[in-house]
Structure formats: structure tokens, C-alpha cells
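Reviewing the structure listed below.
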Amino acid sequence: MGTLLSYSGLSTKIRAMESQLINTEQLQEIVEMTNESQIVSYLKKQPGYARLWADLDENAVKCGIIEQHLQQTIYQNFTKIYRFANAGQKRFLDMYFRRYEMSVLKDCLRNLLDHREITLDLSRFEPFFNRHSKLKLPKLTECTAIPQFVEALSDSVFYPLLHQMANSGENLLVFDYGMALDQFYFAQIWKMKNKFFTGRDLKEITMAYGQKFDLINLTWIYRARKYYHMNEDTVFTMLIPMHYHLSLEEIQALVQAKTEEEFESLLRKTYYGRRYEEVTAKDLEPAYTELMRSLLKREASRHPHSVIIMYSYLYQKEHEVRRLTTAVQCVRYGVPAQEAMRHVLRS
């Protein structure tokens, strides 16, 4: 799949889309605005949003609508790439798409288990999901209890996992379901990569997801021990059971660290501690996003005719939407621009 011929057109398309991403200077301009209507008006003038938001009335923007439209741009750009991709490339995109399905499932679970008095409106995303997913969004949003929700997923790949959890007899929380879905998704990727990819594509996807899993595990270990004071056995059940540059012995030592200082010392001895000397334990969570973004951009630049070009763009687009969402919320609540920019850069 990773050949010059098969990727030349797609690479050109993605490079053009990448050039339209919102940069740091533009984010600075946005956080200095005084209301959400100004943000919408500004984005409508940017190449990456002009056509997508042409019909959005900046003078009639309601609370939360901008965030929904921002999320929708991820799906719209995913669709652009999907239409341009060949059959082999679509296999990766189909695999990647599961993260969007899981995002919807987590929203539904939060609505059910947190007993929110909020009507979850996913209708804006329905056309996209009708093309790419077996999830029936109207059916899911009508559910009022976990058993009903699980049965509504009977035709999906998520059903066996969620059915088993729902019938476990345990009082499970949103966190439990979310963690299980993440582990299910990551395990699928690790298993399917050897089936779908060869050569450069396999090397790039293994490297990208391998480092992603390592960094997520480091972050989860630190947060679980420092903020939630979980015991060692519980922490181990949370971790992604795949590792790349981290050895099993290193993971065990980090989980068993008695103090933050001991964790920091052990972290420094790992591949990531040696490679990224500026990153401390308390910085792991914000650093994860930036490290992954830098890694993917570097690899996409080095190997533009491989699967990493798609992964890199989609990651950057989602990163852009996270930052814009933070910027919108800061403007909405009147956060001073300097403080708002700090929040944006940590998103």
C-alpha cells in the first residue's frame, strides 16, 4: 500500500488540507476576541472553514453550537480523504474511524450513567455516520437505560464487550466503560496492523501507535497513583496491554513507585525520559499531545507516500479542534487572553 504511485495524489490532497489548519498566531487572535460571533465570522474567512461554515449565521450562534460545528469539520475532512483514498488506504481509515464511533458511545454513556437532564442531539452527525458506520444514532439517543443502549448496539463490533460488562452484576461507571472501549480499540489496531499493512506502512503504523500506547500508559500510571491513589493491581488493569519502547519490567517498576520522586527517577531511565529530557512526570499529559503531533509531522514529512500521511493529518485536525474548542470556551466565559492562550496551548 505504501508506494509512490498509490500515495502521490492523496499526499498532495492532504498537504493542501494541512496548509489550511489554524496556526498559533491565529489562535492568539481568536482568544483576544470578545464574543463567539466574532470567532464564527473570523473562521468563516479562513480557507479551512469558508465552505464548511458558509451557511452558519454568526449572529444566531447559541451556546455549544460552535463546538458541534467544530467537531463536524473533523468528520467532513475525514470524508474528503476517504473519497480520495484507494481501497487499501480505506482499510486504515475504516480502522481509524472506530475512534469516532467510540466518542459517540462515550457521550451516550455519560448521558445515561451521569443522569444528566440533557437531550443528546447527534442529528448533525447522522449523515456522516450513515455513510461510514453501523451505529444508528437516533436509536442510541432514545435509550434511557444501559440494557436498552446495549441492545441498540447488537449489530456492532462493540456489542460483545458492552453486553458482557452490562451483565457483569457490577455497578460500573462511565470511567469503566470508557476504559474498556479504549482498550478494545487499541487491541484491535495492534492486531489488525499486521493484517492490513506491510513494508513502510507497517513500520510507520507500528512506530506511531507503539509510542502512542507507551505515552498513554505513562500518563495513566502517573495520574492513577498521584491523583486517584489507586492500588497497583487496579492500575495494571487500566493499562494498554501493548508496549513498544517500554519494557514490562519498566512498567511494573513505574506502577510500584512509592513516591513521585521515585517515579520521576524511573521515568528518566526509560526511552522517553532519555529522548525527551525536558518532559517531567507532571508534564506527561500535556506533553503527550505535543510529542505525538511532532512525531507524526516528522514522519509524514520523511515518508509522505505512506499511511502516516493520513494519520498525521487526522491527528493534527483533531488537535486543532481541541484548541479551538478551548479558545471558544475561554472567550465565552471572559477568560483574559493571556490566560486563555495558556489553556489553549495545553489542550
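The values are calculated or read from the model by the stated rules, or taken from the named source; none is laboratory data. In this text the structure is predicted, and so the values were computed from the model without any measurement. Here the Cβ is made from the backbone with ideal geometry for all residues, glycine too, and neighbour counts use every protein chain on show. Accessible surface is based on the protein model in full, side chains and every heavy atom, while ligands, DNA and RNA are left aside. Shrake-Rupley method; radii C 1.70, N 1.55, O 1.52, S 1.80 Å.
Miscellaneous remarks
- Scanning region 239-277 for residues that are among the charged types (D, E, K, R) and either more than 22 Å from residue 227 (Cα to Cα) or assigned to a helix (DSSP H, G or I) (or both) turns up 249, 250, 260, 261, 262, 264, 268, 269, 274, 275, 277.
- Top-ranked residue in region 198-238 [being of a type in the set (Ser, Thr, Tyr) and either at pLDDT 95 or above or part of a helix (DSSP H, G or I) (or both); ranked as most open to solvent (accessible area, probe 1.4 Å)]: 237
- Only a single criterion out of (1) under 22 Å from residue 320 (Cβ atoms); (2) part of a helix (DSSP H, G or I); (3) open to solvent by 30 Å² or more (accessible area, probe 1.4 Å); (4) of a type outside the set (Phe, Trp, Tyr) is not satisfied by residue 102, namely (3).
Quick grid of which residues meet (1) farther than 29 Å from residue 20 by Cα; (2) without any contact (Cβ under 8 Å) to a residue 24 or more places away in the chain; (3) surrounded by fewer than 19 Cβ atoms within 10 Å (Cβ to Cβ):
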site	(1), (2), (3)
273	yes, yes, yes
280	yes, yes, yes
289	no, no, yes
306	no, no, no
309	no, no, no
315	no, yes, no
328	no, no, no
334	no, yes, yes
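- Among the residues listed as 227, 185, the single one being within 30 Å of residue 261 (Cβ to Cβ) and aromatic (Phe, Trp, Tyr): 227
- The one condition from (1) modelled with pLDDT of 95 or more; (2) open to solvent by less than 40 Å² (accessible area, probe 1.4 Å) that residue 11 does not meet is (1).
- Restricting 35, 23 to residues that are of a type outside the set (A, V, I, L, M) and in contact (Cβ under 8 Å) with a residue 60 or more places away in the chain narrows the list to 35.
- Matching entry among 68, 76, 89 (being in contact (Cβ under 8 Å) with a residue 40 or more places away in the chain, in contact with a Leu (Cβ under 6 Å, 6 or more places away or on another chain) and either among the polar types (S, T, N, Q) or open to solvent by less than 20 Å² (accessible area, probe 1.4 Å) (or both)): 76
- Residue match in region 156-173 (condition: crowded, with 17+ Cβ neighbours inside 10 Å, aromatic (Phe, Trp, Tyr), in contact with a helix residue (DSSP H, G or I) (Cβ under 8 Å, 6 or more places away or on another chain) and assigned to a helix (DSSP H, G or I)): no
Per-residue answers, yes or no, for (1) of a type in the set (A, V, I, L, M, F, W, C); (2) out of contact with any strand residue (DSSP E or B) (no Cβ under 7 Å at 6 or more places or on another chain); (3) over 30 Å from residue 86 (Cα atoms):
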site: 26; (1), (2), (3): no, yes, yes
site: 38; (1), (2), (3): no, yes, yes
site: 43; (1), (2), (3): yes, yes, yes
site: 48; (1), (2), (3): no, yes, no
site: 54; (1), (2), (3): yes, yes, no
site: 59; (1), (2), (3): no, yes, yes
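- Every pair of residues 6+ apart whose Cβ atoms lie under 8 Å, when the first sits in region 125-138 and is among the charged types (D, E, K, R) while the second is outside any helix (DSSP H, G or I): 134/155; 134/156; 136/152
- Single unsatisfied condition, residue 134 versus (1) surrounded by fewer than 16 Cβ atoms within 10 Å (Cβ to Cβ); (2) part of a helix (DSSP H, G or I); (3) of a type in the set (Lys, Arg); (4) in contact with a helix residue (DSSP H, G or I) (Cβ under 9 Å, 6 or more places away or on another chain): (2)
- Positions within region 44-66 being over 22 Å from the mean Cα position of the chain (by Cα) and assigned to a helix (DSSP H, G or I), in sequence order: 58, 59, 60
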